[in-house]
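Have a look at the structure below before the remarks.
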Amino acid sequence: MSRHLCGRMLLRAACSTRSLVSSEWPSLTQRAGLAWNGSGPRCKSGATIRFLSTREDLDFQLSGTQINSILRANEQSVIVPGFDGHGLSAVRRFESNQLAANTPNEDRRSAAACLQTRGMLFGVFDGHGGWACAQAVSERLLYYVAVAMMSRRGLEELERCMEQNQPVPPILQCYKAYGEYTCRESAPLYVEQLRIFWQQLLDSQEHIDGMSPPGALDYAFRHLDTDISLEAQVAYSSDLMKSTAIQVAFAGSTACVAHVDTEGIHVANAGDCRAVLGVQEEDGSWSALPLSYDHNAQNQAELERLLAQHPPSERNTVVVEDRLLGILMPLRSFGDVRFKWSRELQQSVLESLESGVDLDYLNLYQYTPPNYLTPPYLDVLPQLTYHRLRPQDRFLLLASDGLWDEMSSEEAVRLVGEHLSGFHIQAPVSPTERRCNLGQMQELLLKRRARALPTLDPNAATHLIRHALGTGEYGDLCHQRMATMLALPEDLARMYRDDITATVVYLNSDHVRQNSTKTPCTDM
């Protein structure tokens, strides 16, 4: 059953001010589409949800000011300089926001300008089994991509500065949102691993001018995932470093990263985050052009790719109830070594932790998925797409699946497009609608009025999140529904919605170089 229906059920519960007691959880979670395992429901990653306050009365009486404060707490708005040092910037500005359902939030986001090459990088990362993997990938992946695009001369300069203990030329200008967390304890390890990465590139005689954006994206995804796996297997002088590396490897994260320059957009996707291009047609209407494809069981091509990697005898067990081995929804991701390593390696690594370490506290569990016969069952191989920019391409939207659970790509593009232009195009009345009765006409008028209401948020990402959670029956914003969704205690919130991250990148269409000989979007 969809989260939309769950929300309506919860609204009725809010109106009757009933307390939800522990005896009701099995039936409630079954209605919410979660699997009950006797000790609690399972979320997207297959982990058990822990309830902290199941007997508390739910209070949904949030004021408009309180709602705005919650929705805007993680906003980010950045105006990009018109000249990036290598040419005109392809990006005018970008807006981003996050709203957590998990505690702590398992989504991450990244944005940076490439200082040694052209273009900008944007990423959205959806963690599961904890936040550790998404955190590590969000801090590291863009650096791997940027370094892979650097020329041999640039890499030699980095290495010379490191050898002589001199300041290293900056690789990225990162745009961090206020209050975003950085794992300082792991920073020395990450720097050393990045150095090993560029040393390996220098050892390659073919690395002269740097990789192209698609080559760099593909290489960076695969190499970082290998590093995450290896880092969890080595010994460290610090118990904290070791436990952190193991947490990162056993947790998981999907990733959708875009490289944007004045020529076009390259997208690398692994998992079920999504990249969509907002296109403004000649008549002023908006259309959505997909730049990525979800890697889950709903994607038939992806499902067949996965099944082809295992014996025919496992065809009915590799994916069960739309989940990998009955547990994991995304079919590509970073980390998740529980679906990649052998049973023996998993056990050996977990046993290497100090005996006093609480595995449950670290969000690690000593269990093997059922029918674990021919690993690996998971990889991070990114699917690459390219789109050559045109003047009508107005913005790029990257978002985690928490947004796509609540709205379609077309709806999201329309909301951002109308937010950008300030103009709401009403669909013409169809022949069927002309023959409607008074009740149906009233419903049509309500829907049209809802679309024409002024926006409440300057930030388009916030605008999306507000509509994702607060849209009523006629497309209007329902205060009661929004208050209900935001006031849910942390032990309930994840049952009705997911973490949501959205980044809207506004393109500098005035300086797009037109080339009609190439197709708009290609799967590479």
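The values are calculated or read from the model by the stated rules, or taken from the named source; none is laboratory data. Predicted model, so just to flag it, every value in this text is computed and none were measured. Virtual Cβ from ideal backbone geometry, glycine too; neighbours counted across all protein chains shown. To get the accessible areas, we keep the full protein, side chains included, count just its heavy atoms, and leave off ligands, DNA and RNA. Shrake-Rupley method; radii C 1.70, N 1.55, O 1.52, S 1.80 Å.
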Once amide H atoms are placed 1.01 Å from N in the peptide plane, what residues at a sequence separation of 5 or more from GLY472, or on another chain, have their amide H within under 5 Å of its amide H?
LEU477, CYS478
List the residues, sorted by chain then number, that are 5 or more residues from SER342 or on another chain and whose placed amide H is less than 5 Å from its amide H.
none
Lys/Arg +1, Asp/Glu -1 at C-beta; the stretch 280-328 dipole; positive extreme among THR317, SER285, LEU303:
THR317
Residue by residue, what Karplus-based ³J(HN,Hα) values in Hz, rounded to whole numbers, does the stretch 206-221 have, using 6.51, -1.76 and 1.60 with θ = phi - 60° and x for Gly and Pro?
8, 7, 10, 9, x, 6, 5, x, x, x, 5, 4, 4, 5, 5, 4
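Which whole-number percentage describes the relative contact order of the stretch 96-239, with Cα contacts under 8 Å and a sequence gap of 6 or more?
27 percent
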Using amide H atoms built 1.01 Å from N in the peptide plane, name the residues 5+ places from LEU324, or on other chains, whose amide H lies under 5 Å from its own.
MET329
Per residue of the stretch 89-99, in order, report the coupling 6.51 cos²θ - 1.76 cosθ + 1.60 (Karplus, θ = phi - 60°) as ³J(HN,Hα) in whole Hz, putting x for Gly and Pro.
6, 7, 10, 6, 6, 9, 10, 9, 6, 9, 9
Distance in nm between pseudo-label sites at GLU351 and GLU281 (7 Å out along the Cβ direction from Cα):
6.3 nm
Taking the stretch 174-268, the whole-percent share of alpha-carbon pairs separated by over 18 angstrom is 59 percent
Taking the alpha-carbon centre of each part, the distance from the stretch 318-373 to the stretch 123-164 in Å is 26 Å
Across the stretch 307-323, in residue order, what do the Karplus-derived ³J(HN,Hα) couplings come to in whole Hz, using 6.51 cos²θ - 1.76 cosθ + 1.60 with θ = phi - 60° and x for Gly and Pro?
5, 5, 8, 9, x, x, 5, 9, 4, 9, 10, 5, 10, 10, 6, 6, 10
Once you put a point 7 Å from the Cα of LEU359 and another 7 Å from the Cα of GLN300, both along the Cβ direction, what distance in nm separates them?
4.1 nm
Please work out how much accessible surface HIS387 shows to a 1.4 Å probe, ignoring ligands, DNA and RNA, in Å² rounded to 10.
0 Å²
